[in-house]
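Notes follow once the structure below has been shown.
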Amino acid sequence: PTSERWRALDAYFAETLVGHDPALEAAVAAQREADLPAIEVAPVNGKFLHLLTRISGAKRVLEIGTLGAYSTIWMARALPAGGQVVTIEAEPHIATIARANLKRAGVGELVEILLGRAADVLPTLEGSEPFDLVFIDADKESNTIYLDWAARLGHPGTVVVVDNVGRGGEVANPATERSDVIGTQRGLEMLARDPRFDATALQTLDAKGWDGIAIAVVV
Ligand code: DHB
Ligand code: MG
């Protein structure tokens, strides 16, 4: 379909099923105000993460890549009593914006932001209570490292979601020279071959364009 048609369809889905939420919209506005890249998940995708958290009954959620905490708010709002989201952000000034957005959304107490490169922070989580859902949405070059930690910090049944596995079709290009796409390909190959996972991927066509998400369960 033409871009106008699928954009209209996404807007229709979002208007019909997601609606408007002042705190989520304020989080996006604050992110734009701070000149952060507009790479938070689309509203329909945020709602998808929210529903996935609820459907899985996840009580402990790990997010790799906080940005303005838009997806974090969506998942935090899906937690049962006593639940927690741990989210990792590399950039201190971005974490400051995320913290304000979480507080405004009323979920500040449910979310712990860990500051640092995820590859350095993840080993510090070893020995903590296992995570029930892991959302990987950081530098794509490190996706295999993040998947390894998702398996190590999860348990059989843990849900793993990887964002941005389509990239306008470029992820199907075996000759790609983009390091982020190569990282994404390695991650998908790991999901296929590593016996700790069972996985699939879906294309997405939404407010953020043509992309995809992978979903896996820890075996
Ligand atoms: C980029 C990163 C993302 O996580 C995303 O959802 C979209 C784009 C990027 O780095 O370009
Ligand atoms: Mg993303």
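As a rough guide to protection, the peptides 3-16, 133-146, 204-217 ranked by mean Cβ packing within 10 Å, highest first, stand as 133-146, 204-217, 3-16. Between Lys103 and His20, the distance separating the two model label sites (each 7 Å from Cα on the Cα→Cβ line) works out to 2.6 nm.
Taking amide H atoms as placed 1.01 Å from N in the peptide plane, the amide H of Asp206 lies under 5 Å from those of Asp211, each 5 or more residues away in sequence or on another chain. Taking 0.36 nm per residue of separation and subtracting the Cα-Cα distance, full extension of the segment from Ser128 to Thr2 would add 40.6 nm. Note on the chain: with a GNM built from Cα contacts shorter than 10 Å, the maximum mean-square fluctuation among Ala192, Ala118, Ala27 falls on Ala192. Residues in the stretch 86-95 carry Karplus couplings, in order, of 9, 10, 10, 10, 7, 9, x, 6, 6, 4 Hz; the curve used is 6.51 cos²θ - 1.76 cosθ + 1.60 with θ = phi - 60°, and Gly or Pro positions show x.
DSSP assigns beta bridges within the stretch 3-218; of those with both partners inside it, close to 45 percent run antiparallel. Computed over the Cα atoms of the stretch 127-219, pair by distinct pair, the Kirkwood hydrodynamic radius stands at 13.3 angstrom. Each peptide in 75-88, 177-190 gets a packing score, the mean of other Cβ atoms within 10 Å over its residues, and the list from highest to lowest is 75-88, 177-190. Compute the relative contact order of the stretch 112-172 as a whole-number percentage, counting only Cα pairs closer than 8 Å that sit 6 or more residues apart in sequence. The normalised contact order for the stretch 112-172 reaches 37 percent. Computed over Cα pairs, the Kirkwood radius of the chain leads via Stokes-Einstein (1.567 mPa s, 4 °C) to a diffusion coefficient of 74 µm² per second. The Cα atoms of the stretch 25-133 cover 37, 30, 21 Å along the three principal axes, with the biggest extent listed first. If the viscosity is 1.002 mPa s and the temperature 20 °C, what translational diffusion coefficient in µm²/s does Stokes-Einstein give for the stretch 62-112 when Rh comes from Kirkwood over Cα pairs? So the translational diffusion coefficient is about 203 µm²/s.
Laboratory data are not the source of any read-out in this text; all were calculated from the coordinates shown. Note that the coordinates shown come from a computational prediction; the quantities given were computed from them, not determined experimentally. Quick reminder, even Gly has a Cβ in these numbers, built from the backbone with ideal geometry, and neighbours come from all protein chains shown.
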